[in-house]
1. Output wanted: per-residue J couplings in Hz (rounded whole) for the range 52-58, from phi through Karplus 6.51 cos²θ - 1.76 cosθ + 1.60, θ = phi - 60°, x for Gly and Pro.
2. Sorting ASP47, ASP62 by accessible area (1.4 Å probe), largest first, what list results?
3. I need two numbers for the chain: Rg to one decimal and Dmax as a whole number, Cα atoms only, in Å.
4. Given Cβ point charges of +1 (Lys, Arg) and -1 (Asp, Glu) and nothing else, what value in debye, to the nearest 20, does the dipole of the chain about its Cα centre take?
5. Just going by the charge dipole of the chain, with Lys and Arg at +1 and Asp and Glu at -1 on Cβ, which of ALA94, PRO37, ILE5 is farthest out on the positive end?
6. So who's got an amide H within less than 5 Å of the one on ILE66, skipping anything under 5 residues away but keeping other chains? H placed 1.01 Å off N, in plane.
7. Obtain the nm distance between the two label points defined at ALA94 and ARG69 by a simple spin-label model: each point lies 7 Å from its Cα along the Cα-to-C-beta direction.
8. Quick one: if you stick a label point 7 Å off each Cα along the C-beta vector at ASN49 and ARG27, how many nm between them?
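The values are calculated or read from the model by the stated rules, or taken from the named source; none is laboratory data. On a predicted model such as this, the values are computed, not experimentally measured, just so you know. With ideal geometry, Cβ positions are generated from the backbone for all residues, glycine too; neighbour counts draw on all protein chains shown. Surface areas here come from the heavy atoms of the whole protein model, side chains and all, with no ligands, DNA or RNA. Shrake-Rupley method; radii C 1.70, N 1.55, O 1.52, S 1.80 Å.
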Amino acid sequence: MLISIDPQNKEPLFEQISSQLRGEIARGEVRKGEQLPPARILAEGLDVNMHTVLRAYALLRDEGLIELRRGRGAVVSGPAKKQARLIQLAKQLATEARKQDISESELVRLLREQT
């Protein structure tokens, strides 16, 4: 697992971390049941605050990609690979829509027309 961050990037550090982990899950590099590095160890390796990593993990948990278990840490859950790829694409779409000044309702309408 290779994660890097760019402090000069406008994207918050926790988002950079969660995005890279989401990508690894989407590509199948990290599979269901696999444990992610402990937050403390990952934070030390990236030279960031442990709470930054915990926030990234919490975001992935809220997306249903990982489970946070006391004593066991962060573990990839369920159908994470498919979900991770869709979340990744949805974030890219939302970012592009914001750049083009497309409202949320307009974006939803565009998506519905595609089904």
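1. Working through the residues one at a time gives 5, 5, 4, 5, 5, 4, 5 Hz.
2. Numbers: ASP47 140, ASP62 110 Å².
Largest to smallest exposure gives the sequence ASP47, ASP62.
3. Taking only Cα atoms of the chain, I get Rg and Dmax of 15.4, 46 Å.
4. On the way: 19 positive and 16 negative charges, 102 e Å.
Computed about the Cα centre, the dipole is about 480 debye.
5. PRO37
6. Here the answer is ARG61, SER77, since their amide H atoms fall under 5 Å of that of ILE66.
7. 2.9 nm
8. It is 3.0 nm.
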